[in-house]
Structure formats: structure tokens, C-alpha cells
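First up is the structure itself, then whatever we jot down about it.
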Amino acid sequence: MSDGKSILVDTSRCTGCRGCQVACKQWNDLPGTRTKQAGTYQNPPDFSCDTYKIVRFAEGKKEGSREPYWYFFADMCRHCMNPPCMSASDKDEIVQDEATGAIVYTKETKNIDFETARSSCPYDVPRQNPDSKVLSKCTMCIDRMRSGLKPACVLSCPTAMEFGEREAILKLAEERVAELKKIWPKAKAIDADEVRVIFIVTDDPKKYHTHAQA
Amino acid sequence: MTNHWIDLQHSDVILIQGSNAAENHPISFKWVMRAKEKGGKVIHVDPRFTRTSAKADVYAPIRSGTDIAFVGGMIKYIIENKKYFEEYLLNYTNAPFIVGEKFSFKDGLFSGYDPGNRKYDKSSWALEKDENGIPKRDDTLKHPRCVLNMLYQHYKRYDLDKVSAITGTPKEKLLEVYELFASTGVKDRAGTVMYALGQTQSTIGVQKIRSLCIMQLLLGNIGICGGGVNALRGEPNVQGSTDHAILYHYLPGYMPVPRAGKQTVEEYIKAATPASKDPRSANWYANTPKYVVSLLKSWFGDVATPENGFGYSWLPKCDDGQNCDVLHMIDDMYAGKIKGYFCIGQNPCGSLPNSNKVRAAMTKLDWMVHVNIFDNESASFWKGPGLDPKKVKTECFLLPATANLEKDGSQATSGRWMQWLHRAVDNPGDCLSTGAIVTRLMHKIQEMYKKEGGAMPDGLLNMRMDYLTPDGKEFDALKVARRINGEFERDVKIGDKEYKKGQPVPGFGLLQADGSTSCGNWLCSGSFSLDGKNLMDRRGKEDPTGLGLYPNWSYCWPMNRRIVYNRASVDLQGRPYNPKRALLQWRDGKWVGDVADGPWPPMGMEGGKLPFIMKPDGVASLFGPGLGDGPFPEHYEPLESPLKRNLMSKQHNSPIITIFKSDKDKVASADPRYPLVLTTYSATEHWCSGAITRWQSWLTEAMPQVYVEISEELAKERGFKNGEWVTVESARGRIDAVAMVTPRLRPLTVDGKATHLVGMTYNYGWLHPKDSGDTCNLLTTFVGDGNAGTPEYKACMVNINRKA
Ligand code: SF4
Ligand code: SF4
Ligand code: SF4
């Protein structure tokens, strides 16, 4: 068996265009929710049962300088190799797809404990539909992958995301990090051995998002 | 663009100035990031730290509207430090030419200024010619009045202290940018400029771009792979719409609009056709008569004959000196001089400056026909804020139009690639394409003219309007495209080749001035092959140069040339200056690579021609007398500025701009009531006034409501909290917005004083969603560029208070 699929999100290349955020809604038929401008580009403010992918915007000043930084983190489920969230699943409410490795929440997740699932996820990904109680999150576009298509977010991305066989993506990540380290010594591929959706950052992951790293 | 999108990857240094490319042209960053991966550096010069700055290697803040000062300092730096590409300058620009003695520049004004008419007499802006009428030159570049030295005289005033005091950019940042970009003035490095509305939307916009051109010419960066001055056009077909003369002052293919002073086609042609005495100059525009006659033939067909001047006299004409740009149009509308208005695919009540004036102007109309895919704040202006529909006399019609995916047609990219697109879905309901609406309307008007008669009937009745599909309902875009390309109007023999009536003209080189060819736009001639193939429809992925030119993908005007002025990329013997990115080379008696700018051999060989074939002198103009406000760009302040005086000269604003005088045109410059500089823009998530995107819930979810970006320093000074509602006010209007407090903006030190900058988008409108807010254009000034009329959206003065 192959090692399944992987997605690389290279934040050093991400322009925060939110093409991925919108493409995810389009493919998964998710509604645009009513939001308010709260003094940030980030909207919707967080994941929800209607939002599997959001671009998180983090800004601040570089250490000891007036120079600003602005980081974009196109957040989504990491499709962990050994997903902690599965501990909330007794039967097959949460399944791991054999061919791709995608972690898929079925409709039956309505029967499992949401808080257990959410709190077990190191990246704070799972959400619940308040009406149906079904848990939801990114599907890795398993329906597209099964038809030989790239995930919708990857397809829409002009600069930052790659999709492919896990070995190839791991290699790509390694090479890119080596290259980035020349300028940004803190560059790394976050939890690359544990997850299928690998984020490359050039600074402390916490500066991007509280749950960027496990 | 002189170059094209894919070519950006070849740049060693990319200067993004006056553009937020990552947000407003996201796909461009695919190529910018590739350039970075190959070791290229990206510089972003902008009032705000944006998503573009976040990806740049160097970010330099700048006060809105002061780019000429910024680039002027760069020009000084390049000349003083001899960073220019001398061989290129000597051979391919007018650097060694001698400027006439009558030309002068004093106190911010060039010679020939007439303050009464706010216009220049440009006769003194001339080059000295020898007895044969060829420009005199000094190849030692020692002559005090040679163009290079005159250029230096002009820009040595732009020293670091002064530039920094005007722009607010710290001196060390200026130097960092100058050094990095000037490093491309060598053979084997390329620097490119990406600009957009941050340059154009200014009273000195055209001159800002010219200053960038001068900089690029000094560095030898025009005509080369990875170089150029690249305008990022605002939507896929802005390039196409300008090529086809959507603006009032020219005809398709950038030929001047007919004016009352030119009553015959001969007079028009004479004035529009430049002459050159230099045998080495191709002076391409000497072909203007062929383009003019062929254009008239495309409009009038068989009725256009040599005897009736090919119908030229039937064309409507502007008065001499008349300005009909969009601001003059609205001003006339507000004054009650315009009765009826066709508004097609636009939302002027959100997108034009000083929206209160625009909205009031609409109430003066008897009727307005609006053509659009959705309702917007202009189509429904009569029920807008502060208006009582019962009291608005304007009768309004809204015609539903098809969107671009619902019709066939071509779209020209910023890189001049004309791509044929096929309709993807059917028109919903009874929507029609704009082409069908206009054509069917014209048929009706022609019918009424035939029946009832009317003023000046000839032009209307003789116009070929056979553009509908056989069922008479829709618009036959392919037929129009063929006519734009040009057709032989009769059987002709040109040289030893025969062409049949009705065949497409396979390139503008074959157009004729005797009426035997028609052509709706000479630039596009060649987009069909002789056997009728639509070359815009090509999707070949071959890349013979390896430089990403993709010559078999779509059609690129002119003549499928992917990088214009490409003969400037080779030396006098036709050898590429940069063999690693050989765009063109002369091999075995012919050009290999991109489609060369003309078939002639390299300059150093017999019969060689100069590379800038569109210029009468065959070389690029560092000294360029074509524009209305001077042969060298000069810094003037925006109409509303924080400064009482222009630090460069006594001339505060551009001397040639129209100052509108209606009661709605209040201006408050250097006024303590409005101490903050406002710059305006669009975000990634919306398109222009948001008239299309605000109906899309995924987009309004991402960017739901109007906001004003302000620095942490200003917020602290005024006690504003992030996310709270504030009121932004100018001398013309006010608007509520959410305060977005961010470290991405910062106060700049301008003329020794801390100056705050704030920013807003024009993406919102009162119509939908109801809580989204309104347009920032309620605040902006109603004034345009002296040459092009583009409104000065990028800089005006405001104040902000906590929302009452
Ligand atoms: S990221 Fe969270 S939700 Fe996704 S697989 Fe891992 S544990 Fe489960
Ligand atoms: S993989 Fe599919 S479901 Fe997951 S974030 Fe991307 S588009 Fe959304
Ligand atoms: S589409 Fe790509 S570049 Fe755009 S926000 Fe998403 S990850 Fe970033």
C-alpha cells in the first residue's frame, strides 16, 4: 500500500487571497454565513459546521522594530496519521480512508460526544451542527480524490498549496524548508510526521494561530 | 503590459509600486513567487502594508500621490552613480539628442505655459534637428543640453532629503530601494515594474508612469525578458476595452478622436500621421492612413468611397479642445446639460468620485437606461439614501444583460493576449448580451430615422450593423471579431499575391488606404489567418524559446509579439544582451525567438532599423514632448494634500488639471479640519464597487462591511478601538465605517510633521446587503489626471470621529 495522499500548505508562498476558503464552500455546497466586520480581514471568525477552511490573518510588529508582519494561515483539518479525534468514535462514525488516508466524519457522528472529539483534536478542528448534531470538518475532498481530482482548495490556490502522494509531498516540504531556512532560521514543516496536511511556516507557529501546531 | 504575466518569473528585481498585486491580481503572484524562488527580489512601495507587502523582500511606505518624487530620486541616483546601461541609452533612446534652446523649466513650470487657459504651448519642447531634419546628437553625452544631461538637471533637485520630506519614506528605505532596483542596469539582469491604479488615479498619473518608463529606459529594462513597465489591468478585458476605444478621446487602435477642426479625412490623416526624415526609423505610424481608411470601411462598407472621404464626414466630432471624459460628463449632467444617459456595465454612483455629486447629477436627467447583470446603486439611484422617489423626475430603465460566461467573445489579458472564450451556459431569462442590446437598438433607431427622418442621418443610416445571429436575436461576436481583424473588400493583388474579397486580412502590414481593405482595429489585424481560422481560439502549449511565450496560445497583438520593443533586447549585431534569456536573436539572416518588432536586420547591419518603431525617431523618449504637462515628469501635490506648499516648486498642483467649480466641488487642502490622508482601493474579495460581488454570500461573508484601516498610533491619539464604528468625513461627504486598527499603517514624517494615513475600499453600497455600508467615494475629490482624466481616487483629506 502506498502512504496515501498529502497536502502541502506553504505559508511562505500564501498571499491570503482566500481562494481556498471560497472554493471549499463551493465544492462542499456550504452556505456563506452572515458575518460582521470586527476589525480584521479574518472572516468568518472561526471554523463552524458551515466552514471547513478559513484563512487566519495574524499581524504584529517584528521583534524590536516598527516593521509589521502579516501571516496567513489557510487552516483546515490535518488528516492526522493517527488521529486523536478518532478516540471519540466507538464504531465507524469517524473513518480513515484506506486509499488516501483521509479522515472522514460520517453522518453517524451525531451519535458521538462532540466535546470529546473537539478537545482531543490538537488543532481544534471538529465542529458540530447545532440542529442535526452531526460533526463536521474538512473531508480532504475525498469525493474529488476518488475521481482523480485535486482537492478544491488546492485547485484554486495560485501560489501556496500542493497535493500529491505523501512521499512526494514530504520530500517537497523537506526541500522547501531547507531553502527557506537560509533566510528564516525558524522555518519548518509543522508536525510533518504526524499529519497529512503539512503547513510550512517561517516563524514561530504560535504567531500564526494558537492551534497551528500540536 | 509591455511584457506579459508569465514573463514576471524572469525578473531579478520586481518593483511593485502603485499596485496591490497580491490582492487585486492574485494570479500574478504565481509568477512573482516563481521569480522569488529563482532568487529574485520583490520591492513593494505603498502607503499601506498589504498582502503584497507581506510577500515582499523590501517594503517602503509612501504618502499617497507622491510617486514622481520617489522615482525622481531614483532617476537621480541612477545617473549620479552611473548605474544606467550606456550602450542601450546611446543606441535605443534619445539620451544623446540635443534639446532646443528655447526649452526651459522654472518654478515648477515648463516653458510655454499659458495660465489663463491652464495649457502649455508645447512648441519650445523640441529637439534640435540638423539640415536634413534628423535630430542632432552628441554620443559623448557631454553636451550640456543633451537629453541625458537635461534629465539630470531636472532630477538632481530630487535629493534624498527632499524626496523623503515629500513622500514620508525614510531616507534609508529610499536608498535601499534605489540600490536594489538600480542593480538591474546591466546586461544580464532584468528589473520589472508592476503598477496599477495606484499610479493612474492621480492628477499626475500619466506622468508618474512616464517617470517609471524613464527609469526603466535608463536601466535598459524595456523590450527584454523579465523587464518592462507592466500595467496590471483591472479585469480580464480592461485591455480589450481600451484597445477598442472605450474612452472618448480616441478611435479603435489608439487613433485620435475626430475634432471639429478636421473636417475632411485628408486633414484628419495629415494631423494623425507623424513623419520622420531618418532612414533608420521605421516610423510605423506612417501607416496611419491605411488604418484610418480601413476603419471607416469596416464601419460603412461599400458606401464608403474615396469620393465621400470614406464617410469620415459622417462621424460625430468633438469640438477642438473639448474634454468629454467621465468627470466632465458628470459635471455637465449635474449642470443639467445632459438629458439622457446610457449606463452600461458600470456603477458610477459607487465607483465615481464624490458620489454625492454623481447621485445628484442623475436626478437632473430626463431618462437613464441602465444595462447590467444585477441591480446596483446606480440603476436604483432614485430610491437611494436621502432621495424621495416621488420627487425624482428621471425615468429609469434596467435592461438585464448576460454575464461574460453566457456569451462568446474575446478577452484581452493585461499581456495583450486576445483569448477567444466560448459561452459556457445559456442566458438566464430574457437577458441579452450588450452587443445584442446595442445592435437591436441601432436597428430600431435606423428604422425610425428611415421613417421619420432626423438630424445628421448619414452616419446612422450608412453604418453596417449586420451583427445579429440569423434568428435576429443575439449578437454574432465571431462576425464582429472577423471584421475587427479586417477583410478584403474586393479582389486585390498586393505584390505578387492575390487576395479574394471576403478573406480575412492576415496582418496589418497588408491593410490599404484605397478602400480595398476594411479593419475595425488595426492592432488586432492578424488575429484571423487568411483561410479564416480564428487564432484567438488557439490553445497550443508549445514553448520553443523556453521563456513561456507560448506563441500558439491565443493571439497577442501586435502580430503575436509577446514582448513589445523586443529588438531592444539585442545589441547592434542582433546578439542578445542576456544570452540566458534570449528573447530574440539574428541568426542566418533572420530573427529567431519572439516575433521581432519588424523584419528588418539588426541596427548595425545594412538596412537595420531602430527598435522603438512606434516612435517617429525610432528611439525611446527620455525627453517626451507628447504629454500636456511637460516633457519630464514633475511632482505636484494632489488636489487635496496635507501640505500648504509643494516642496519642489511654487506650483502646488498640476498646472493643467480642470478645477470643477460646482457647489458640490468643495476642496479642503492643508485644512486643519481634515488632517488625515485618505487612500482608497478595492479588496481581493470584492470587485470594484461590489455591484456584482456583494450578491455572493461567500464573498460578503469574507468581507461583509465597510471598514477604515487606521494605524495604532492614530487610534491611540484619538482613542479609537479596533472594531468600533467611526465616522469618516471630508469636505464633500461623510460615511460610517468600522475602525480596523492595525500596525500595517503607520504615520509618516512629511515635511517634518507626523502625517497620518487612512485607507478605505469602494466595495460597498447601500443597496445590498443592507448592513454593508456605503462607498468611500462619498469622500473623494472630483478631479482628474491632466492628460487622461482618471479621477484622483488615491489621495484626499479627511477626518475621523467616533460615530455619533
Ligand atoms: S486534525 Fe483534528 S479533526 Fe483532523 S484528523 Fe487530526 S485530530 Fe481529527
Ligand atoms: S480539502 Fe476539500 S474539504 Fe478540505 S479544506 Fe480543502 S476544499 Fe475544503
Ligand atoms: S488559495 Fe492559496 S494563496 Fe490563497 S489563501 Fe488559500 S492557501 Fe493562501
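Coordinate-derived values only; no laboratory data. Bear in mind the structure is a predicted one, so any value in this text is a computation, not a measurement. Cβ: placed from backbone, ideal geometry, glycine included. Neighbour counts: every protein chain shown.
Fewest Cβ neighbours within 10 Å first, please rank B:HIS244, B:HIS10 accordingly. Walk me through the numbers on the way to the answer.
Working: B:HIS244 19, B:HIS10 24.
With the sparsest Cβ surroundings first, the list reads B:HIS244, B:HIS10.
Which value, in Å³ per residue, describes the convex hull spanned by the Cα atoms of chain A?
Working: hull volume 26.7 nm³, N = 214.
Given the Cα convex hull of chain A, per-residue volume reads 125 Å³.
Taking the inverse of the average 1/r across all pairs of different Cα atoms in the range B:319-415, what Kirkwood radius in Å do you get?
On the way: mean 1/r = 0.0683 Å⁻¹.
After inverting the mean inverse Cα-Cα distance, the result is 14.6 Å.
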Anything over 29 Å Cα to Cα? Flag those among B:LYS36/B:LYS753; A:LYS25/B:LYS803; B:LYS171/B:LYS664; A:LYS61/B:LYS30; A:LYS62/B:LYS171, in the order listed.
B:LYS36/B:LYS753; A:LYS25/B:LYS803; B:LYS171/B:LYS664
Looking at chain A as a GNM with Cα springs under 10 Å, which of A:SER132, A:SER119, A:SER156 has the largest mean-square fluctuation?
A:SER132
When A:CYS85, A:CYS121 are ranked with the fewest other C-beta atoms within 10 Å first, the list becomes A:CYS121, A:CYS85
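Using only alpha carbon pairs under 8 Å that are at least six residues apart, calculate the relative contact order of the range A:84-142 and give it in whole percent.
Working: 88 pairs, mean separation 19.7, N = 59.
Relative contact order here is 33 percent.
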For B:GLY759, which sequence-distant residues (separation of 5 or more, or a different chain) have an amide H within less than 5 Å of its own amide H, given hydrogens modelled in the peptide plane?
B:THR679, B:GLU709
Unit charges at the beta carbon, dipole of the protein assembly as shown: most positive-side option, B:LEU461, B:ALA683, B:LEU511:
B:ALA683
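Net charge near A:GLU165, counting Lys/Arg +1 and Asp/Glu -1 over other residues with Cβ under 9 Å of its Cβ? Provide the component values of the computation, followed by the final result.
On the way: positive: A:LYS5, A:ARG166; negative: A:ASP3, A:GLU167.
It works out to a net charge of 0.
Please give the average number of partner chain Cβ atoms lying within 10 Å of the Cβ of each residue in B:741-751, rounded to a whole number. Can you show the working numbers first?
Values: counts 2, 7, 9, 6, 1, 4, 0, 0, 0, 0, 0.
Rounded to a whole number, the mean comes out at 3.
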Quick one: which of A:40-48, B:335-343, B:459-467 comes out on top by average Cβ neighbours within 10 Å, and what's the full order, highest first?
A:40-48, B:459-467, B:335-343
Below 8 Å between Cα atoms, with a sequence gap of 6+, how large is the relative contact order for chain B in percent?
16
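How much of the pair distance distribution for chain B lies past 44 Å, counting alpha-carbon pairs only, in percent? Don't skip to the end; give the middle numbers.
Numbers: 84722 of 322806 pairs.
Percent of Cα pairs beyond 44 Å in chain B: 26.
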In what sequence, highest mean first, do A:168-176, B:674-682 appear when ranked by Cβ atoms within 10 angstrom?
B:674-682, A:168-176
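Can you give the mean number of other chain Cβ atoms that lie within 10 Å of the Cβ atoms in peptide B:141-153?
Across B:141-153, the average partner-chain Cβ count within 10 Å equals 0.
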For n ≥ 4 DSSP H runs only, could you compute -39500 (n - 2.57) per run for chain B, divide by its residues and tell me the 222 nm figure to the nearest 500?
-6000 deg cm²/dmol
As I understand it, the dipole of the range A:84-142 uses +1 on the Cβ of Lys and Arg and -1 on the Cβ of Asp and Glu, about the Cα centre. Which of A:PRO84, A:LEU135, A:SER120 lies farthest toward its positive end?
A:LEU135
Distant-in-sequence amide H partners of B:THR93 (H built 1.01 Å from N, under 5 Å):
B:ALA620
Of A:ASP191, A:ASP50, A:ASP204, which is the most mobile in a GNM of chain A whose springs link Cα atoms less than 10 angstrom apart?
A:ASP204
For the range B:120-247, Rg(Cα) over 2.2 N^0.38 Å is 1.28
Give the residues of the range A:143-169 whose amide nitrogen is closer than 13 Å to a point set 7 Å from the Cα of A:ALA99 in the direction of its Cβ.
A:143-150
Note, ³J(HN,Hα) from phi for the range B:652-664, Karplus 6.51, -1.76, 1.60, rounded to Hz, x at Gly and Pro:
6, 10, 3, x, 10, 6, 7, 9, 6, 10, 5, 5, 8
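Which of the peptides B:522-533, B:153-164 is most tightly packed, and how do the rest follow, going by the mean number of other Cβ atoms within 10 Å of each residue?
Working: B:522-533: 20.5, B:153-164: 18.8.
The packing order, highest mean first, is B:522-533, B:153-164.
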At B:LYS171 and A:ASP124, where each label point lies 7 Å from the Cα along Cα→Cβ, what is the point-to-point distance in nanometres?
4.7
Within 10 Å of each Cβ of A:65-75, how many other protein chain Cβ atoms are there on average?
4
Hey, quick one: spin label on B:ASP139, modelled 7 Å out along Cα-Cβ, who in the range B:80-97 has an amide N within reach, i.e. under 17 Å?
B:86-97
Other-chain or far-sequence residues with amide H under 5 Å of B:ALA60's (modelled H):
B:HIS44, B:VAL45, B:ASP46
Within the range B:341-439, how many Lys pairs sit with Cα atoms under 24 Å apart, leaving out pairs fewer than 8 places apart on the same chain?
10
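So what's the protein assembly as shown giving for Cα Rg divided by 2.2 N^0.38 Å, two decimals?
Working: Rg = 29.5 Å, N = 1018, 2.2 N^0.38 = 30.6 Å.
Ratio of Rg to 2.2 N^0.38 Å for the protein assembly as shown: 0.97.
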